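Notes for the one structure printed next.
Bear in mind that the values in this text are calculations on the coordinates, not laboratory data. Fair warning: this is a prediction, and the values are worked out from it, not measured in the lab. With ideal geometry, Cβ positions are generated from the backbone for all residues, glycine too; neighbour counts draw on all protein chains shown.
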Amino acid sequence: MNNSTGWQVDQAILSEDDRVVVIRFGHDWDPTCMVMDETLYSVAEKTKNFAVYYLVDITQVPDFNKMYELYDPCTVMFFFRNKHIMVDLGTGNNNKIVWSIEDKQEMIDLVETVYRGARKGRGLVVSPKDYSTKYKY
């Protein structure tokens with residue numbers, strides 16, 4: 001689940017043909033990441049048929065910080081067949097999730113929605129939950 005180099009992260013994104021690659025960029029010690037990591041760990045087993053998860057430390061692996069504009073303490077992004085899948089979360093930022101999701105079912109639904117849309121060739125999917133009131137930029 002932990003990846004230590006940019007090359008390894010790229011390989012993870014490139015090598016997965018059938019599942020969504022969910023990457024959490026951040027730090028293990030960050031409170032937001034801690035909550036998000038716990039949720040990701042808890043859903044990993046249930047979603048293993050259609051998703052694979054990686055945790056990337058943005059200090060150890062700074063390769064993606066500029067490319068994906070990783071300025072937040074914790075960022076989650078989705079990829080499918082080497083393509084970044086955007087999610088309309090109602091926040092105005094479709095590129096990534098920058099808060100923690102505590103609800104396991106909520107996370108499963110989200111990953112499943114990304115998977116279903118990505119398999120149909122969609123580059124943008126609509127989140128099953130609207131986060132517009134909770135997380136505004």
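Of all residues in the range 18-45, those being crowded, with 19+ Cβ neighbours inside 10 Å and among the acidic types (Asp, Glu) number 1. Please go through the range 22-45 and give me each residue that is farther than 15 Å from THR113 by Cβ, of a type in the set (A, V, I, L, M, F, W, C) and either touching a helix residue (DSSP H, G or I) at 6+ places or on another chain (Cβ under 8 Å) or not in a helix (DSSP H, G or I) (or both), ordered by number. Within the range 22-45, ILE23, PHE25, TRP29, LEU40 meet the criteria.
Only residues that are closer than 15 Å to VAL22 by Cα and not aliphatic (A, V, I, L, M): list them for the range 71-93, please.
Selection gives CYS74, THR75, PHE78, PHE79, PHE80, ARG81, ASN82, LYS83, HIS84.
Given the criterion free of Cβ contacts under 8 Å to residues at least 40 places away in the same chain, more than 15 Å from MET107 (Cβ to Cβ) and out of contact with any His (no Cβ under 8 Å at 6 or more places or on another chain), identify the matching residue among ASP28, ASP17. Being free of Cβ contacts under 8 Å to residues at least 40 places away in the same chain, more than 15 Å from MET107 (Cβ to Cβ) and out of contact with any His (no Cβ under 8 Å at 6 or more places or on another chain) holds for just one of ASP28, ASP17, which is ASP28.
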